[in-house]
1. Give me the compactness ratio for segment 26-142, meaning the Cα radius of gyration over 2.2 N^0.38 Å.
2. What does the net charge come to around Gln137 if you take all other residues with beta carbon closer than 11 Å to its beta carbon, with K and R at +1 and D and E at -1?
3. Among 103-116, 51-64, how do they line up from the highest to the lowest mean number of other beta-carbon atoms within 10 Å?
4. How big is D, in µm² s⁻¹, for segment 76-131 by Stokes-Einstein at 37 °C and 0.692 mPa s if Rh is the Kirkwood radius over C-alpha pairs?
5. What lysines could a cross-link reach from Lys97, if we take a straight Cα to Cα line under 17 Å and drop same-chain neighbours fewer than 8 places away?
6. Greater than 18 Å separation of Cα atoms is the criterion. Which listed pairs, Lys31/Lys60; Lys100/Lys139; Lys46/Lys126; Lys71/Lys136; Lys60/Lys126; Lys46/Lys120, meet it?
7. If you place +1 on the Cβ of every Lys and Arg and -1 on the Cβ of every Asp and Glu, how big does the dipole about the Cα centre of segment 26-142 come out, in debye to the nearest 20?
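Every number here is computed from the coordinates shown, using simple stated rules; none is lab data. Since we're looking at a predicted model, the values are computed, not measured. When we count neighbours, we look across all protein chains shown, and the Cβ atoms used for this are built from the backbone with ideal geometry, even at glycine.
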Amino acid sequence: MKKFFLASIVALAMGFAFVSCNQSNAPVDIKTDGTPEEVLTDIVAKAKAEGANWSIDQWKYVYKQAAIAVKPMLLEIAELTKEENMTADNIDEVMEKLGKLETQYKPIDKLMNEFSEIAKGIPNGKIVDDDKDFEKQMKEELGLPDL
């Protein structure tokens, strides 16, 4: 019985060693090129499968890659909704364009929401998801608009 207990302790210690080595600050192996939908699909799949083992820095890296993927969408929406673009004469046109964008970007929005929910369910992911300073820094660094 003592041998079994000792072997269990050694196995557990080795498991912790492997996990801690896995939590390096190296970027996560995710798809960073392709359409926003392809990139986000890969990010969501990797977050589900591996996110529990990611360090805070790895979560930040993945959040940043997701933001880069959706940046064109965010810029398009921001440009369309600028105050100077929304006049009494064209409000119907702007709303129609926004409706089309909403339909076009619905799959991306769904993936971003799924990614956020996964992050909120994992301690390191939740820390990054709740980090307003990181969000502000990332927006400034990437030139993302406030929506």
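1. On the way: Rg = 16.0 Å, N = 117, 2.2 N^0.38 = 13.4 Å.
Relative to the rule-of-thumb radius for its length, segment 26-142 sits at 1.19.
2. On the way: positive: Lys60, Lys64, Lys132, Lys136, Lys139; negative: Asp131, Asp133, Glu135, Glu140, Glu141.
Every neighbour counted, the sum reads 0.
3. On the way: 103-116: 15.2, 51-64: 19.1.
Top to bottom by mean Cβ count within 10 Å: 51-64, 103-116.
4. Details: Rh = 13.4 Å.
Estimated via Stokes-Einstein, D reaches 245 µm²/s.
5. Counting by Cα, and skipping residues close in sequence, Lys97 has these lysines nearby: Lys82, Lys106.
6. Working: Lys31/Lys60 15 Å; Lys100/Lys139 25 Å; Lys46/Lys126 16 Å; Lys71/Lys136 15 Å; Lys60/Lys126 11 Å; Lys46/Lys120 15 Å.
Among Lys31/Lys60; Lys100/Lys139; Lys46/Lys126; Lys71/Lys136; Lys60/Lys126; Lys46/Lys120, the Cα-Cα distance tops 18 Å for Lys100/Lys139.
7. Working: 16 positive and 26 negative charges, 99 e Å.
Rounded to the nearest 20 debye, it is 480 debye.
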